[in-house]
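Take a look at the structure below.
The values are calculated or read from the model by the stated rules, or taken from the named source; none is laboratory data. As the structure is a computational prediction, the values presented were derived from the model and not from experiment. Heavy atoms of the whole protein, side chains included, go into the accessibility calculation; ligands, DNA and RNA do not. Shrake-Rupley method; radii C 1.70, N 1.55, O 1.52, S 1.80 Å.
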Amino acid sequence: MSSVIRQELKTHPRLLVVRMALWSDIDTLVNRRRNLSRCFIESLGTSLSEKAWGANTPPIKPGFLWTSDELRPFYHAVVFLDQDMVWNSLPMHARIPVLDSLLRGAWSKTLGLSDAPITAPVYERTRDGIFHLDESDTFIQEEINRLTWHLSDMVRDRRGVASPEARALESSAW
């Protein structure tokens, strides 16, 4: 886990890390498992680029860590974003609501949902959902340890399954 975080910090020395639950029906999770994360990350990257710089810009390429929950119809996901590029481009007074809206919209688009109001939960940022990591911070290792502890539940082996493939664990770092 910390190696994924370290690799992302090499790419972007100031990271915005968002942890979330992405809900869907079980058929979608099973039938589209192989391309769901790629579609979501591409949609999110395009949405973030358009929000930051307008249309016709190259998409931002977020890093991610992604795993399914074998017992419930949702994914645990963590998205790693360039803090300077994304966070600082959003209006200061509305950063969290705008970011939540972009994440929810990217997941809804991935699922093929229309713009109509959705009654079921689709996207939920976890209570401990947003972290800021700065490679130059004196306490960076403590922050990485704190983030790793918060993320450890999402990759915990609940049924004795050790293989990442069997648990549908994916990362942009692999």
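If I filter segment 126-174 down to residues being open to solvent by 70 Å² or more (accessible area, probe 1.4 Å), modelled with pLDDT under 75 and under 17 Å from the mean Cα position of the chain (by Cα), which single residue comes out as farthest from residue 22 (Cα to Cα)?
That would be 174.
Let's see how each residue does on (1) farther than 26 Å from residue 147 by Cα; (2) open to solvent by 30 Å² or more (accessible area, probe 1.4 Å); (3) modelled with pLDDT under 80:
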site	(1), (2), (3)
24	no, no, yes
27	yes, yes, yes
35	yes, yes, yes
39	no, yes, no
47	no, yes, no
51	yes, yes, yes
58	yes, yes, yes
81	no, no, no
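Quick one: how many residues across segment 1-22 are charged (D, E, K, R) and under 13 Å from the mean Cα position of the chain (by Cα)?
Within segment 1-22, residues that are charged (D, E, K, R) and under 13 Å from the mean Cα position of the chain (by Cα) number 2.
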